[in-house]
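K.L.:
Sharing a structure here in structure tokens format.
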Amino acid sequence: MKTSGVIEGHILTPEGFVQGVLAHEDGRIVRISGDPVEERVVRHTATDIVLPGFIDLHVHGGGGRDIMQGGDAAQRVASLHLRHGTTSLLATTMTAPLSDLETALTALGPACRERQRGSARILGVHLEGPYINSGKLGAQPNYARPASMEELKRLDALAPIRLITLAPELHGNLELIPSLKAEGFQVQIGHSLGTYEDGVEALHLGAGGFTHLFNAMTGLHHREPGMVGAALAHARYSEIIPDLLHAHAGAIRVALRAIPCLYCVTDSTAAAGMPDGDYMLGRHKVTKCMGGVRLPDGTLAGSTLTMDQALRNLVGLGLELDDASRRVSTFAADYLALHERGRLTPGAWADVVVMDRQLQLKQVIVEGEAL
């Protein structure tokens, strides 16, 4: 179905804000016109704020459904997150037996090939494990195992795997990174007991970043810098969960100073957008209470964060709006080489969020379709 439309407001382009008009047709931006405007003006007038749609590379669930459930779960999850401004995402799996992963990816294949109306674009799969360290599971079930190219190709044939989290210190994982990159998989480090040296070597061999920085990895000590030290000293890209539960505001500020393209993810679970209660995260039962999601032993188990709140949290930490926008849109797109998403420019997909000056959502447009 052909669609077209015009959006007026303070529009964030790669060159800065303009006050003007964005026109889109057949799912693409065709024109942006207007006069430059300073950011300090943008937040202090009643004019709508127009930003790139949010991109979330770590989504386990939402709206009561978990990606590992298969069936129509992915569509339900993508619908919930679209209502919070996420126009594209990676459906993220849990560490699980091969049969469970096959069930999830069998359902994800059609969902990746065709976006359903009223849903965010599912760009592919983030395989968070099973190639992780059983000593740093976090909320992952203990089905950890070394990476297998044969298994990966079998799963990738069901649904496109765009991103793989692995622990480089596991036998064979480090040596496999160049082959994974050659096959087109983006690799990042997470759920790891590895050393600083392991992290540096993994980056040297082609790993692109880190999974939920600070969480489920060896911490920073001045004589043993650990994986956190490797990230802060060497990474260009890394995820972080800015719900202010997974990482203290001060730790987020440290990461912002150290990692040029630090980008935000939600690590959201089925509990996102839902009332307090019990939900599933893979094979685990988790409980949402007081804004967080936890296992029975109190371990944080994903989040209830949405990307619109992530943007507000970043601005609350003191970031300028254009910087915060890049960290919920552009940097994630760049990390996966998605040059037609994460920015408002002619030719790009018409993935747009319209917000008021309190940064509350007023409208979401995905590939030209207005929600």
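The values are calculated or read from the model by the stated rules, or taken from the named source; none is laboratory data. These figures come from a predicted structure and were not determined experimentally. A quick note on method: Cβ atoms are made from the backbone with ideal geometry, for glycine too, and the neighbour counts reach across all protein chains shown.
K.L.:
Being touching a Pro at 6+ places or on another chain (Cβ under 7 Å) and on the phi > 0 side of the Ramachandran plot, is that true of even one residue in the range 163-182?
P.N.:
Yes, some residue in the range 163-182 is touching a Pro at 6+ places or on another chain (Cβ under 7 Å) and on the phi > 0 side of the Ramachandran plot.
K.L.:
Would the range 253-270 turn up any residue that is modelled with pLDDT of 95 or more and of a type in the set (Lys, Arg)?
P.N.:
Yes, the range 253-270 has at least one match.
K.L.:
For residues that are in contact with a His (Cβ under 8 Å, 6 or more places away or on another chain) and surrounded by fewer than 23 Cβ atoms within 10 Å (Cβ to Cβ), scanning just the range 279-305, find the one that is nearest to Phe214 (Cα to Cα).
P.N.:
Ranking the candidates gives Leu300 first.
K.L.:
Does any residue of the range 48-63 turn out to be part of a helix (DSSP H, G or I), surrounded by fewer than 24 Cβ atoms within 10 Å (Cβ to Cβ) and either aliphatic (A, V, I, L, M) or in contact (Cβ under 8 Å) with a residue 24 or more places away in the chain (or both)? Don't jump to the end; show me each part of the working.
P.N.:
Step one: filter the range 48-63 for residues part of a helix (DSSP H, G or I), giving none.
Scanning the range 48-63, I find no residue that is part of a helix (DSSP H, G or I), surrounded by fewer than 24 Cβ atoms within 10 Å (Cβ to Cβ) and either aliphatic (A, V, I, L, M) or in contact (Cβ under 8 Å) with a residue 24 or more places away in the chain (or both), so the answer is no.
K.L.:
So in the range 203-227, with the set limited to residues that are out of contact with any Asp or Glu (no Cβ under 9 Å at 6 or more places or on another chain) and outside any loop (DSSP other than H, G, I, E, B), which one is surrounded by the fewest Cβ atoms within 10 Å (Cβ to Cβ)?
P.N.:
Checking each candidate, the answer is His204.
K.L.:
Looking for something touching a Gly at 6+ places or on another chain (Cβ under 7 Å), without any contact (Cβ under 8 Å) to a residue 24 or more places away in the chain and hydrophobic (A, V, I, L, M, F, W, C) - is there at least one such residue anywhere in the range 214-233?
P.N.:
Yes, that holds for at least one residue.
K.L.:
Quick check on the range 111-120. Is at least one of its residues of a type outside the set (A, V, I, L, M), at pLDDT 95 or above and under 22 Å from Val286 (Cβ atoms)?
P.N.:
No, the range 111-120 contains no residue that is of a type outside the set (A, V, I, L, M), at pLDDT 95 or above and under 22 Å from Val286 (Cβ atoms).
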